[in-house]
Amino acid sequence: MTAPADPLIAEAAALIGDPTRARMLGVLMDGRARTAKELASLAGVSAPTASGHVAKMTAAGLVSVATQGRHRYVRLAGAEVAELIERLMIFASVARPAVRPRTPAEAAFRKARTCYDHLAGRLAVELVAALVARDLLRRGHDGFEPTLAGERWFRARGVDVARARCSPRAFARCCLDWSERRDHLAGALGAALLAALIDGGVLARRKDERTLDVTTIGRRFFAEEVGLPDLGALERPGVLA
């Protein structure tokens, strides 16, 4: 009996499983484009080594490369790749017990970070829980769905809900947070919400990191408009089991 065609699982797994390429893909999970030189520095390898890895990942469709002037910018090829990396991170985390963050930097990363183009971390899951509790967001069959009041809430915060609905990607996907093991909001609506929170000065990106900082405006926003007053409790090293 003839064996079925190879689905290239082994090839894709080998590409992602290489430690250096895994570090590069992890860096690109913040949704920003990087030069090969920046990726080399962040992954701790030489520029020629980084370029070789980028070439392999480009050929496999994991990343895309755009040339601008003298620089070549690398980014994840799309949301599908980000979802794949995210699911692998979840699988890896489930295989081992939850651990307490050992440093303030680790605690901040678990508190709020980007997951490609949407908000992740403890702040993300608490935000979703608050919106569900206030009946602004409901769990549907295959994701979340804002109520009429929820649509007004999103629009008041600069989120174009209608445009998100028209996106070719999932509208409001439930995404299991790898560090919290609870759902946060992904999909087109999750991406639009994160962009609005950053544009509105609620959250601020850290340079060369996925960690997000809650600004002074953000502390007021989460306390008054979401009902999360004690944000410091979200990042204290002792709060995780």
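Quick rundown of the values:
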read-out	value
The stretch 45-67: number of residues that are more than 26 Å from ALA10 (Cα to Cα) and touching a residue at least 24 places away in the same chain (Cβ under 8 Å)	1
Among (1) out of contact with any Cys (no Cβ under 8 Å at 6 or more places or on another chain); (2) open to solvent by 60 Å² or more (accessible area, probe 1.4 Å); (3) more than 30 Å from SER41 (Cα to Cα) - the single one PHE154 does not satisfy	(2)
Check on LEU131, over 19 Å from LEU212 (Cα atoms) and either at pLDDT 85 or above or part of a helix (DSSP H, G or I) (or both)	yes
Residues being touching a strand residue (DSSP E or B) at 6+ places or on another chain (Cβ under 9 Å) and on the phi > 0 side of the Ramachandran plot - total across the stretch 147-189	1
Single match in LEU137, LEU203, LEU194 (criterion: touching a Ser or Thr at 6+ places or on another chain (Cβ under 9 Å), in contact (Cβ under 8 Å) with a residue 24 or more places away in the chain and over 20 Å from GLY31 (Cα atoms))	LEU137
Filtered residues of the stretch 5-19 (kept if within 20 Å of the chain's Cα centre (by Cα) and open to solvent by less than 50 Å² (accessible area, probe 1.4 Å))	ILE16
Qualifying positions in the stretch 121-151 - of a type in the set (Gly, Ala, Ser) and exposed (fewer than 13 other Cβ atoms within 10 Å of the Cβ)	ALA133, GLY140, ALA149
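The values are calculated or read from the model by the stated rules, or taken from the named source; none is laboratory data. Nothing here was measured: the structure is a model prediction, and the numbers come from that model. Methodologically, a virtual Cβ is constructed for each residue, glycine included, from the backbone with ideal geometry; neighbour enumeration extends over all protein chains shown. In case anyone asks, the SASA skips ligands and DNA or RNA and just uses the protein heavy atoms, side chains included. Shrake-Rupley method; radii C 1.70, N 1.55, O 1.52, S 1.80 Å.
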